[in-house]
Amino acid sequence: MKTRLLVLLLGIVTTVPLAAADPVAPAALLNRGRYLVEGIGLCADCHSPRNEKGEFVTAHWLRGAPIGFTPAVPMPVWAPVAPPIAGLPSMTAEQAVKFLMEGKRPDGTMPRPPMPAYRLNEEDARAMVAYLKSLGDAPAVAAQP
Ligand code: HEC
């Protein structure tokens, strides 16, 4: 009986930390995601607010911004605001990976322009999502239209 209890306790002690552990993304993945978001995807161009000099407000990095330009040709659908993507508050990690790979939201709709409908490969999408999720949720700073 005592041995069984011990085995049970050992079982709990050894499995609990594994089960509770947050799947923390390794630094290499986060660095790659950051590079893709900042250097390749240029997501901040639309998703980060700027000050009156046109410089990024780094305190609100990727936390949503009004789109500062309009199409030269009138477009029936146009999103005037880019939502916050720090922490990817509108999607789970899996949904966001799919969104960046297929260009569609979880409900099957496409984002309005000027948001590009990305067709990334899975490796790039996962790296970007890991980085964006690591930034944490934040309330939108952009004024709603
Ligand atoms: C040219 C401007 C622009 C760029 C560049 C851009 N976005 Fe967006 N993004 C938008 C706009 C505008 C929306 C809102 C679309 C809408 O309301 O339908 C949006 C929406 C989104 C959404 C939210 C979808 C939803 O409805 O929940 C995600 C996630 C997103 N963008 C991720 C990214 C990532 C990641 C990058 C870089 C790889 C990026 N965007 C680059 C303009 C942009």
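The values are calculated or read from the model by the stated rules, or taken from the named source; none is laboratory data. Bear in mind the structure is a predicted one, so any value in this text is a computation, not a measurement. All Cβ positions, even for glycine, are placed from backbone atoms using ideal geometry, and neighbour counts span all protein chains on display. Please note that ligands, DNA and RNA were not included when accessible areas were found on the heavy atoms of the full protein model with its side chains. Shrake-Rupley method; radii C 1.70, N 1.55, O 1.52, S 1.80 Å.
Values computed for the structure shown
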{"item": "Where trypsin sites (Lys or Arg not before Pro) fall in DSSP loop in region 16-115, at most 12 other Cβ within 10 Å", "result": "K53"}
{"item": "Relative contact order [Cα under 8 Å, 6+ residues apart], region 22-138, whole percent", "result": "30"}
{"item": "Qualifying chymotrypsin sites (Phe, Trp or Tyr not before Pro) in region 41-103, DSSP loop, other Cβ atoms within 10 Å at most 11", "result": "F69"}
{"item": "I40, I85, ranked by accessible area, largest first (probe 1.4 Å)", "result": "I40, I85"}
{"item": "Karplus-derived HN-Hα couplings along region 35-40 (A = 6.51, B = -1.76, C = 1.60, θ = phi - 60°), whole Hz, x at Gly and Pro", "result": "4, 5, 5, 7, x, 10"}
{"item": "Sequence-distant aspartates and glutamates (8 or more away, or on other chains) whose Cα lies within less than 13 Å of K98", "result": "D107, E122, E123, D124"}
{"item": "In region 31-64, the GluC sites (Glu not before Pro) that fall in loop regions by DSSP, at most 16 other Cβ within 10 Å", "result": "E52, E55"}
